[in-house]
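Each value in this text was obtained by applying a stated rule to the coordinates, not by laboratory testing. Here the structure is a predicted model, which is why all the values come from computation and not from measurement. With ideal geometry, Cβ positions are generated from the backbone for all residues, glycine too; neighbour counts draw on all protein chains shown.
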Amino acid sequence: MGTPWLRLLGAFHNFWRGLRQWSGDSAYETYLACAERRPEQKPLSAAEFYVEQLNRKYSRPNRCC
Amino acid sequence: MKRLLPILIWTAVAALGGVALGTIAFHRGEHINATWFVLAAACSYLVAYRLYSAFIAAKLLALDNTRATPAERRDDGRDFVPTNKWVLFGHHFAAIAGPGPLVGPTLAAQFGYLPGTLWLIAGAAFAGCVQDFVILFCSIRRDGKTLGEMARDEVSKRGGLIAQLAVLTIMIILLAVVALVVVNALKSSPWATFTLAMTIPIALLLGVYLRYFRPGRVLEASLIGVALVLFVVVAGQWVADSPYLAKVFTLGGVTLAFAIIAYGFAASALPVWLLLAPRDYLSAFIKAGAIFSLAAGILLVRPQVLMPPLTRFVDGSGPVFAGKIFPFCFITIACGAISGFHSLISSGTTPKMIQREGHARFIGYGAMLLESFVGVMAMVAACAMTPGVYFAINSPASIVGATPEAAAATISGWGYPLSARTMTGLAHAVGEQTLLNRAGGAPSLAVGMAQIFSSTIGGERLLSIWYHFAIMFEALFILTVLDAGTRVGRFMIQELGGRVWKPMGRMDWMPGVLLSSALIVGAWGYFLYQGVVDPLGGINSLWPLFGISNQLLAAVALVVATTILLKMGKLKWIWVTLLPMAWLVIITMTASYQKIFSANARIGFLSQANVMASQLVAGKVAAAKIADTHRNIFNLRLDAVVTAVLAVMILVLLVEALAQWYAILSRDKAPVLEETPYVATEWAEGD
């Protein structure tokens, strides 16, 4: 495989990662990485985190006209 | 040579933009191609971004990339999450872009394409983007504080309360008016009603999937959801063709209004994961897809713009809404040029996720430019249809008549030729019973979009599918604004109520949740109902009210921004926020005054109420309509009071701020800036 293909693959990978971040698909992974730095607290499960996250997100203006 | 090349390129971009703007401004006679609009907008935005936003970033705000942002200092994996600049741009854009930039320009097209297009471009570059950018900056420097908190800390306690009340009021008006747009798009349309109704079970399904089966797997769930939504768009045709089902889903305005009110209450009181969040995911994906395809469609089809640059309605006698270009064009197009609501997104969510102060320019200024571009595309889509058709769709029956023949005669009489057969043929082609009197912007935009899409893919045969796709897309994300807004309104009421009576403030106390949900839904539901039964179609009175309140909120944001900048000692550059603020105060005050006091009964709430009252006294109202007329009179007076309250709020805030500014400038007291102290970033340069 030549460099242009690798570059294309890299671009696609970045796009995919960005899309996951944008949509919230990778939010739990981000949270776990952050929770690892604070081992004194037990991290939430994926389902707990999902619900908690939504409750916070939709309690302030997050969609505009 | 290396330094010369960028200068040459930017000069070329500026020259091209100038030529394109000149072409759309001075073009007379033959129709003009939409490509000129795209060029004029794109080049203006590029130049504004390259020069004006760079100037603001460097001189006014002095963005500092060595300063750690809240996301770096308080990184908690929840609210404070350092986010890639492009991802955050997408996030911020998805939050600020709603139905506003699609509906406003469509309505303002009654003046012709020129006033709205120029205001969209100039308003965004000099006011809207500046507001979003500066408020984002102020909030970053204050750990992501909200606009209300900044108003309280930097202007005065009363200023904070006013900002909070202003937000609640505009929320109520906003929710009512967007709900009215949905009602006007769905009434007597079994296809559209079925499609939108089906998005509710789809959302519930996704909600359960994301909560219990695959927690947080948003992408795969959204993919399933989008496929299902596209399926129900097509399935709507079978419903419309089936005599029995078509009857079930053919609903009148009042029934639809109550259905939407019930939906809003459910979305506010039910757990957020069940209905609200999954619906929001669906709408985000469909919104991104539809906006992208509209841009691609316009570039591929390059339609002719059939609307003249200026219509005869610049004199204020327009059928869609009454009033002259000044101030009503600037009120009608709020989102797309400047929207106060954006300041709530710029303070609150986005500042907690930004990696570097320097990114604020791209995200704050840049995302608003893109929203303005969406507004220009909506303007193109609305102006690409025959003016006669545009007026037939958007004018209320009380002005043009209720039958195709009557509407065609009235509109042709205005000088926009239209035959009754065109309207019935078009309604048939898009799979509707009628397209007449559907004020609100959504149906005419959908016709415009469907015509553009179908000339790329599918031709006439797919026109009806494209039309219902466009209606579904608009209605879907209007409902998302509606349920998210209702929920936030409920929290605001609970918070305000909690100050008076403690238990009210507890977000998990069921009676409090139900009571505050009922209050907020009742408030916007009342205005929605009033709009649905309004003989003039409702949009005529509610949309200007919404525009005024949205622009007032922008004025609040710019007052806060100006105060902060003065305290930072930026007197020399203060015109950057002061001039747009002054402009907004002028247009909102003029519009409020005219809406309340104008002697023209089509503009002034009070004079219209007086006309009705004198008809009652003179006995000219049929006995069956007396109760309705009493209610209409009450509603008009209520609208006048709401407008006055909004205007007084901004005046009080302005006086508070002026006192502050005077104290700062006369050095009576040392300015106290509530900024978080400087902390150096630990991230390497270029992160």
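For segment B:519-559, the fraction of alpha-carbon pairs lying more than 13 Å apart is 60 percent, rounded to a whole number. Within 10 Å of the Cβ of each residue in A:13-20, the mean number of Cβ atoms contributed by other protein chains is 2. Listed by chain and number, the lysines placed with their C-alpha closer than 23 angstrom to that of B:K324 are B:K595; residues fewer than eight positions away on the same chain are left out. Relative to the dominant Cα principal axis of chain B, helix B:510-533 is inclined by about 50°. Taking the helices alone, the protein assembly as shown has a mean residue ellipticity at 222 nm of -22000 deg cm²/dmol, built from -39,500 (n - 2.57) per DSSP H run of at least 4 residues and averaged over all its residues. Remark: segment B:58-100 projects, on average over all directions, an area of 4.7 nm² (convex hull of Cα atoms).
Compute, for chain B, the length of the dipole vector about the Cα centre, with Cβ point charges of +1 (Lys, Arg) and -1 (Asp, Glu) only. Units Debye, rounded to 20. Roughly 580 debye for chain B.
Quick check: from the Cα gyration tensor, does segment B:336-489 come out rounded (a/c under 1.5), prolate or oblate? Taking the square roots of the gyration eigenvalues as a ≥ b ≥ c, segment B:336-489 is prolate. The distance linking segment B:182-237 with segment B:274-339 is 24 Å (Cα centroid to Cα centroid, whole angstrom).
Take the Cα pairs of segment B:489-595, get the Kirkwood Rh, then feed it into Stokes-Einstein at 25 °C and 0.890 mPa s and tell me D in µm²/s. Please list the in-between numbers first.
Values: Rh = 16.9 Å.
D = 146 µm²/s.
With viscosity 1.306 mPa s and temperature 10 °C, the Kirkwood radius over alpha carbon pairs of the protein assembly as shown converts through Stokes-Einstein to a diffusion coefficient of 60 µm²/s. For chain B, the ratio of Cα radius of gyration to the globular rule of thumb 2.2 N^0.38 Å stands at 0.94. Checking the Cα-Cα distances for A:K42/B:K352; B:K2/B:K570; B:K85/B:K145; B:K352/B:K669; B:K187/B:K287; B:K187/B:K625 against a 26 Å cut-off, the pairs over it are B:K2/B:K570; B:K352/B:K669.
Based on the alpha-carbon gyration tensor of segment B:1-105 and its eigenvalue square roots a ≥ b ≥ c, which shape applies: rounded if a/c is under 1.5, prolate if not and a/b is larger than b/c, or oblate? It is oblate, given that a/c is not under 1.5 and a/b is not larger than b/c. Computed 3J(HN,Hα) for segment A:15-26, one whole-Hz value per residue from the Karplus formula 6.51 cos²θ - 1.76 cosθ + 1.60 where θ = phi - 60°, is 4, 4, 5, x, 4, 5, 5, 4, 7, x, 4, 9, glycine and proline marked x.
From the square roots a ≥ b ≥ c of the eigenvalues of the alpha-carbon gyration tensor of segment A:25-65, which class results: rounded (a/c under 1.5), prolate (a/b over b/c), or oblate? Please report the intermediate quantities before stating the final value.
Numbers: a/c = 2.48, a/b = 2.32, b/c = 1.07.
Prolate.
Mind listing the phi-derived Karplus ³J(HN,Hα) values for segment B:425-440, rounded to whole Hz, using 6.51, -1.76 and 1.60 with θ = phi - 60°, and x for any glycine or proline? Karplus-based 3J(HN,Hα) across segment B:425-440 equals x, 5, 4, 5, 5, 8, x, 10, 6, 8, 10, 6, 6, 10, 4, x Hz. Working from the Cα coordinates of segment B:163-271, the gyration tensor eigenvalues give, after taking √(5λ), semi-axes of 25, 24, 11 Å in decreasing order. Counting only other chain Cβ atoms within 10 Å of each residue's Cβ, the peptide B:475-481 averages 1. Taking the centroid of alpha carbons for each part, segment B:29-58 and segment B:411-479 are 29 Å apart. Residue ranges B:620-632, B:38-50 sort as B:38-50, B:620-632 when ordered by packing (mean number of other C-beta atoms within 10 Å per residue, highest first). Taken as Cα centroids, segment B:614-687 and segment B:491-558 sit 14 Å apart, rounded to the nearest whole angstrom.
Restricting the trypsin sites (Lys or Arg not before Pro) of segment A:23-65 to loop positions (DSSP other than H, G, I, E, B) with no more than 16 neighbouring Cβ atoms within 10 Å leaves A:R37.
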